[in-house]
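> Have a look at this one before I ask anything.
All of the numbers you see were taken from the coordinates with simple rules; none came from a lab. None of these values were measured; they are calculated from a predicted model. As a convention, Cβ positions derive from the backbone with ideal geometry for all residues, glycine included, and neighbour counts pool all protein chains shown.
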Amino acid sequence: MNSLSLDIRILRTLQSVSETGNITESARRLGRTQPAITLQLQRLETICGFNLFRSEGRKMMLTPDGALVLSYANSILRLHDEMLSRLQSPDVEGHVVLGTPDLYAAFILPSILALFRQAFPRVQVQLQCSLSTPLVRLVHRGEIDLALVTRMNDFAGGKVVRQEQLIWMTGDNSAAHTETPVPLALLPPGNIYRDHAIECLETVQHPWRIACISESVSGLQAAVFSGMAVTVLGRSALVPGMREIVRGPDYPVLPKVDLLLYKAPGTKSAAANALHDYLAHYLPLGQRAELIKPIPLNGGNTDPDMTAIS
């Protein structure tokens, strides 16, 4: 019988580094030091007898052997977490109010909340959709239990649980990206999605105008679907009827934004704590499968260094 055994935390580290491609970011997400993350990967490679990662520039990429080990690690971690949830769930019941922008309610949370409902059938989750800034005020005042929001420049506290890559989007049959000034569909002033879009365009001196302002993602999508505007959203919001504008001289690459998870101060609700821990675990793993691949506007070339047709 093989006497070797694997610490579940090592598998969690492998999973995180494969997603982030970066020791520093994984250390931040997992709440450990960089040397500890490096040591865990070295220990796993010693057990496996081969390299799990190769370097491509500054990014760590899985080797074919590493991808095989990750597939097993994903299965082990899923079963491990499901078992713990099942063991805990009979004693957990109650009502939890989770505040989040409708963007995340629609495109990031459904699969995770479905798993949570299976594991904790006696917990009732109420979603409250609003913009990030008012939700942070509500959770700090204890008026909602949890908040999953976009980090704004003046936010304090919260746990970084995920990053979203912002991208330029337009409609499948839209020519809005070719107009001068480019018509934009954006969230209201004070939102970092909006700030990044305008800042990037002004950096390259690309003229712009506001064609739509909406507090909800559905309003932005309507403007894009109709062909009247270009918008900026996280890649997880790319749905049929929309396509990504590949970065180029007129549409520079956009940054990633942090998603923060807040819990109301002093909460002792077992239901709220269970949902908080579930979200804190699953959100960094990127459980939502990407169903839509970026469609460049240059005729199908997916090379990120290629520019869009203008």
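> Of the peptides 103-110, 200-207, how do they stack up when ordered by the mean number of other Cβ atoms within 10 Å, highest first?
Details: 103-110: 20.2, 200-207: 13.2.
Final packing ranking: 103-110, 200-207.
> For region 106-124 and region 247-262, write down the distance between their C-alpha centroids in whole Å.
27
> Only bridges whose two residues both fall in the chain count here: according to DSSP, what percent of them are antiparallel, nearest 5?
On the way: 23 of 39 bridges.
The antiparallel fraction comes to roughly 60 percent.
> Working from Cα positions, state the angle (0 to 90°, nearest 10) between the long axis of helix 110-119 and the longest principal axis of the chain.
Orientation of helix 110-119: about 20 degrees from the principal axis.
> On a 0 to 90 degree scale, rounded to 10, what angle separates helix 34-48 from the longest Cα axis of the chain?
Compared with the principal axis, the helix lies near 60 degrees.
> With angles folded into 0 to 90 degrees, how steeply does helix 64-88 sit against the dominant principal axis of the chain? Use alpha carbons for both and round to 10.
Helix 64-88 sits at roughly 70 degrees to that axis.
> Please arrange 168, 208 by how many other C-beta atoms lie within 10 Å of their C-beta, fewest to most. It would help to have the intermediate numbers written out before the result.
Working: 168 27, 208 18.
By the 10 Å Cβ count, ascending, the order reads 208, 168.
> Hey, another quick one. Relative contact order of the chain, please, whole-number percent, based on alpha carbon pairs below 8 angstrom and at least 6 residues apart. Present the calculation step by step, with values, prior to reporting the outcome.
Details: 514 pairs, mean separation 59.4, N = 310.
With pairs under 8 Å counted, the relative contact order is 19 percent.
> Here's something else I'd like to know. Please work out the C-alpha center-to-center distance from region 37-60 to region 157-220 and express it in whole Å.
38
> Here's something else I'd like to know. Which one, 176, 264, 114, has the greatest fluctuation when you compute a Gaussian network model over the chain with C-alpha springs under 10 angstrom?
Result: 114 has the largest fluctuation of those listed.
> To continue, here is another question. Please work out which option in [x] 6, 24, 29, 26, 13, 2, 0; [y] 6, 23, 25, 19, 13, 9, 4, 1; [z] 6, 26, 35, 24, 8, 1, 0 gives P(r) over Cα pairs in 10 Å bins from 0, in percent calculated from these coordinates, and answer with its label.
[x]
> For a test of understanding, tell me how many lysine pairs in the chain have Cα atoms under 20 Å apart, given they are 8 or more places apart or on different chains. Spell out each step's value before the answer.
Details: 59/256; 159/256; 159/263; 159/268; 256/293.
Taking the chain as the scope, the lysine pair count is 5.
> Pairs of alpha-carbon atoms within less than 8 angstrom and 6+ residues apart define the contacts here; what relative contact order does region 1-152 have, in percent?
19
> Ok, one more. Tally Lys/Arg at +1 and Asp/Glu at -1 over every other residue whose Cβ is under 9 Å from the Cβ of residue 170; what's the total? Walk me through the numbers on the way to the answer.
Details: positive: 243; negative: 172, 244.
Overall, the nearby charge balance is -1.
> Related question: What relative contact order, as a whole-number percentage, does region 178-243 give when Cα pairs under 8 Å and 6 or more residues apart are counted?
On the way: 83 pairs, mean separation 25.8, N = 66.
Relative contact order, region 178-243: 39 percent.
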